[in-house]
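Student: Quick one: the structure is below, questions incoming.
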Amino acid sequence: MAAERRRRAGGGLSGLLLRIREEGKDSIPEHPYLYETDVEISLVGDSCKNPVEKFWNGSSAVYILQKATHNEESNSMEESRTDDAVYASEALPKESPGAMALSVGRAKQLISLYTMVQNPNMSYLGMSDLAVLPPLWARCDGCDPQHTCWIGAEPLKAGNKVTGLNIYTVSCDGPTADKTRFANLEELKMEHKIRHHSSVVTTKGFAQYELIAAAAVEDTTAEFGSNICVDITWNGVEKILETPPVISAATLNIALESGDPRSPVFQLYRELQFLLALAEGLKSGVTEWPEPSESESALKLVQEFLTDLKKKLDGDCVFGSKNETEKIKSDTAAVDSCIKSIFGERGDLDFTEQLWCKMKSVSSYQELIDCFTLVIKSLECGEIQPWIHQGSSSFLSQLIQQSYHGKMEDVPLSDITPIQMLLEIGLEKMKKDYVSFFIGKSRSSLLFQDYFISTSVDLQEQVHRVQKLHHMLEIMVSCTGLLQFRHENLFPLTQICMKYYKENPLDEKHVFQLPIRPALVKKFYQNDNPEVWKVEISSGHGQKEVKTTWQVSTNAPVEHGTSNNSGFFSDSTVNGSSEERLYFITMTQCSQVQFT
């Protein structure tokens, strides 16, 4: 009877897993499936956050098994159950992650059934032709002595045939600041040799350091979702928590959100926000105007600007001294002295760009009309003959070119026309600002201009691409100011950002990765505690390879393992001064089941 129940349970599980896999071929199912009333099964693909990615580096879709969430529909679902499995009609569990975990005993039962249905030798089960299933992972409640939080199984394949399984057990403890609870590397290596009957093992280290915190940036950076960290890997680990050697491989991970008031280019960000407000006004018909300035109004600034031009008009049409131009640019970009070497000030603002600098503080639609009325009247009367950049394509630039010949078309300053006119000159000015940096300072290829400053797309798309340029600028400025990057580092980072943004929409949460030499940032982490430190002990080769991984991390590696928040410091001190980091300890062990 027990064997029959096990055979039936295995058949029900294999049937459900196959169904989930088939239904997930086109798109990953949004809802979990119910198995035997107490287990929910979800298929997690590449587009989803994988809950086991911190301790398993597989790339395929995986089954995630956890305790079923019970609701009012449970009884009706149980009654309609077919082959021990039904589709759960509710969305993914709304309960706390801790409530999702299965008992370790139940998880082992499920892994055992999965092993059975994947075994091609179980012909009496009628499953000898079963296709290879994705790996399977079960959440565990950690109530066993080892504090097991996950158990997983991954098929080993030869062509389309399963030859065995890797069985993983993940245990987690902590958080703790007590380093006497940390493992001894030699003991870990010996345990691995005994468990896997191996005489030779290799070790590989991994460490992750947060560089924003190490560079003494205030904690408020987190409010903007910004993070710069470095991942370092090396071979031949000698002791637990050792600092990575200089001969290591390092990758810089950069995720920055724009809008930090402490950024040296924050005023440029505000300028961009007004540009976005104008673009939204064109699209929706409703424009959010800036609050009236406590100083001079935009109308008064434009009046003074035009009056000054009239006074200085001469045969050469050279307007404004160098100092005055620099004042305008400084007012526009508000680039402080510490960043001038990064975001170079432009010395070639033309008439429309200077006009934008005056009008970006316009506070109403009527004030916008009044400003443009003054400009157009001055042009029509020949009171000014302003200079504009060659190739400028805005409507106002076209009017200026017409004014050179003493004949201008009538301009109806109504409806969306004045908003579009202001948006156009703002776009042209800001594009040149960013080009000045990327070409002048990071010396990036001019090839990017075809995409980022193209005028062949509509205004909305042009604004979207300028947003991308600003996000890239924020990244370059942060790396230059915080990490003291020079051209040889900025150049490849710029290329990585540009390649991404030529192919993807704006995403300020995207993590840009740049391979670097550890020496470049070592001074920021050499006296700091890592966020993650891990050693991987391995033996065997190919499909025979098995690994033991020991890790400490400031963040909980599993969301269902503890309710204690991470990232805190304990009250204990070392030598009366430095604070000790609280760490979670995670151990991942692997064993193999061979079918052939």
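The values are calculated or read from the model by the stated rules, or taken from the named source; none is laboratory data. No experiment lies behind these values; they were computed from the predicted model shown. Cβ placement follows ideal geometry from the backbone for every residue including glycine, while neighbour counts extend to all protein chains displayed. Side chains are part of the model used for accessible areas, which takes the heavy atoms of the whole protein and leaves out ligands, DNA and RNA. Shrake-Rupley method; radii C 1.70, N 1.55, O 1.52, S 1.80 Å.
Student: Being open to solvent by 10 Å² or more (accessible area, probe 1.4 Å), part of a helix (DSSP H, G or I) and either among the hydroxyl-bearing types (Ser, Thr, Tyr) or touching a residue at least 12 places away in the same chain (Cβ under 8 Å) (or both) is the filter here; which residues of region 358-392 pass it?
Tutor: 358, 365, 367, 369, 370, 373, 374, 376, 380
Student: Just one of the numbered conditions (1) basic (Lys, Arg); (2) modelled with pLDDT of 95 or more; (3) surrounded by fewer than 19 Cβ atoms within 10 Å (Cβ to Cβ) is not true of residue 544; which one?
Tutor: Result: residue 544 fails condition (2) only.
Student: A further question on this structure: Within region 485-506, identify whether any single residue is closer than 21 Å to residue 226 by Cα, assigned to a loop (DSSP other than H, G, I, E, B) and among the aliphatic types (A, V, I, L, M), and answer yes or no.
Tutor: Checking region 485-506: at least one residue is closer than 21 Å to residue 226 by Cα, assigned to a loop (DSSP other than H, G, I, E, B) and among the aliphatic types (A, V, I, L, M).
Student: Of all residues in region 547-562, which are over 20 Å from residue 187 (Cα atoms) and either of a type in the set (Val, Ile, Thr) or open to solvent by 10 Å² or more (accessible area, probe 1.4 Å) (or both)?
Tutor: Of the residues in region 547-562, the ones over 20 Å from residue 187 (Cα atoms) are 553-562.
The answer is 554, 555, 556, 558, 559, 560, 561, 562.
Student: Quick one: residue 290 ticks every box in (1) assigned to a loop (DSSP other than H, G, I, E, B); (2) surrounded by fewer than 21 Cβ atoms within 10 Å (Cβ to Cβ); (3) modelled with pLDDT of 90 or more except a single one, so which number is it?
Tutor: Here residue 290 meets the rest and fails (3).
Student: A further question follows. Residues in region 307-326: is at least one in a helix (DSSP H, G or I), at pLDDT 90 or above, in the same structural domain as residue 477 (by the TED database) and under 39 Å from the mean Cα position of the chain (by Cα)?
Tutor: no
Student: Moving on to the next point. Does region 523-542 contain at least one residue that is part of a helix (DSSP H, G or I), more than 16 Å from the chain's Cα centre (by Cα) and within 25 Å of residue 451 (Cα to Cα)? Talk me through it step by step, then tell me what you get.
Tutor: The initial filter retains those residues of region 523-542 that are part of a helix (DSSP H, G or I), namely 523-525, 542.
If we keep only those that are more than 16 Å from the chain's Cα centre (by Cα) too, we end up with 523-525, 542.
With within 25 Å of residue 451 (Cα to Cα) added as a condition, the list becomes none.
Checked against the condition, which is being part of a helix (DSSP H, G or I), more than 16 Å from the chain's Cα centre (by Cα) and within 25 Å of residue 451 (Cα to Cα), region 523-542 yields no hits at all.
Student: Yes or no: region 517-530 includes at least one residue that is in contact with a Lys or Arg (Cβ under 6 Å, 6 or more places away or on another chain) and modelled with pLDDT of 95 or more.
Tutor: Initially, region 517-530 is screened for residues in contact with a Lys or Arg (Cβ under 6 Å, 6 or more places away or on another chain), giving 529.
Right, trim to modelled with pLDDT of 95 or more and you get none.
Within region 517-530, not a single residue is in contact with a Lys or Arg (Cβ under 6 Å, 6 or more places away or on another chain) and modelled with pLDDT of 95 or more.
Student: Could you list, in sequence order, all residues of region 286-309 that are among the charged types (D, E, K, R) and either touching a His at 6+ places or on another chain (Cβ under 8 Å) or closer than 19 Å to residue 270 by Cα (or both)? Write out each step before concluding.
Tutor: Residues of region 286-309 among the charged types (D, E, K, R): 288, 291, 294, 296, 300, 304, 308.
Matches in region 286-309: 288, 291, 294, 296.
Student: When you scan region 36-57, do you find a residue that is at pLDDT below 85 and over 29 Å from the mean Cα position of the chain (by Cα), even just one?
Tutor: No, every residue in region 36-57 fails to be at pLDDT below 85 and over 29 Å from the mean Cα position of the chain (by Cα).
Student: Let me ask something else. With the structure loaded, tell me whether residue 568 is open to solvent by less than 50 Å² (accessible area, probe 1.4 Å) and modelled with pLDDT under 95 or whether it fails that test. If you could, list the steps in order and put the result at the bottom.
Tutor: Numbers: open to solvent by less than 50 Å² (accessible area, probe 1.4 Å): no; modelled with pLDDT under 95: yes.
Spelling it out, it is not the case that residue 568 is open to solvent by less than 50 Å² (accessible area, probe 1.4 Å) and modelled with pLDDT under 95.
Student: Please determine whether any residue of region 171-190 is more than 26 Å from the chain's Cα centre (by Cα), part of a loop (DSSP other than H, G, I, E, B) and farther than 24 Å from residue 237 by Cα. Step through it out loud before you land on a result.
Tutor: As a first pass, look at region 171-190 and keep what is more than 26 Å from the chain's Cα centre (by Cα): 171-190.
Subset that is part of a loop (DSSP other than H, G, I, E, B): 177-178, 182-184.
Filter once more, keeping what is farther than 24 Å from residue 237 by Cα: none.
Checked region 171-190: no residue is more than 26 Å from the chain's Cα centre (by Cα), part of a loop (DSSP other than H, G, I, E, B) and farther than 24 Å from residue 237 by Cα.
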